[in-house]
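The values are calculated or read from the model by the stated rules, or taken from the named source; none is laboratory data. Quick caveat: nothing in here was measured; it's all calculated off a predicted structure. Cβ placement follows ideal geometry from the backbone for every residue including glycine, while neighbour counts extend to all protein chains displayed.
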Amino acid sequence: MYWEDGRNAARNPLDHPTVTEIAARHGRTAAQVVLRWHLEHGLSAIPKSVRPHRIAENFDVFDFALTANEVAAIDAIDTGVRGGPAPDAVGPGDFS
């Protein structure tokens, strides 16, 4: 998640009430629910962590599924605001 200041800045989806409520229902973390949402859509997610317990948590998303209503509820969160810089505005020098 890229953090920007300002009224139109993207918000952390892991803190969204819809995601946290679904996570609580499944006994999972919000991150696991978001990863599962990616899988439900057939998308490839690339989670990042250096902490062993988080890495294990990221793999622990294959023994539950979201309902169609839960997927739709997460789909509805889309605000149309990018969570990072515009791809054509980023270059190799931005990552050194």
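Structure above, values below:
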item: Residues of the range 26-54 satisfying the condition of being assigned to a helix (DSSP H, G or I) and surrounded by fewer than 13 Cβ atoms within 10 Å (Cβ to Cβ); result: Pro52, His53
item: Residue satisfying condition, being modelled with pLDDT under 90 and either on the phi < 0 side of the Ramachandran plot or charged (D, E, K, R) (or both), within set Ala30, Ala24, Ala73, Ala9; result: Ala9
